[in-house]
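Accompanying notes for the structure given below.
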Amino acid sequence: MDLSQGCLVTSIAAIGMKTQLKELATVGWKPIALMVGETVFLALLVMAWLHWGGAAPG
């Protein structure tokens, strides 16, 4: 893993560790639904990219 990947993983982990589920529940269902929808969209996008030759063989 190179330095940029390590920094990205560290920053994402830090954001996840600061997230408080109690506070997330107070914002309502619409922002939560948007977050879940965005996560599903990104997961499908990455899976499609990998399926149709996005990753070169190592």
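Read-outs: derived from the displayed coordinates by stated rules, not from any lab. The shown structure was predicted, so the numbers you read here are calculated from the model rather than taken from an experiment.
Details
- On Cα atoms only, tilt of 29-51 relative to the major axis of the chain in degrees: 10
- Alpha-carbon gyration tensor eigenvalues x 5, square-rooted, for segment 3-51, Å: 24, 19, 5
- If the chain linking residue 23 and residue 49 were pulled fully straight, counting 0.36 nm for each residue of separation and taking away their Cα-Cα distance, it would gain 5.9 nm.
- Degrees between helix 3-18 axis and first principal axis of the chain (Cα, 0 to 90, nearest 10): 20
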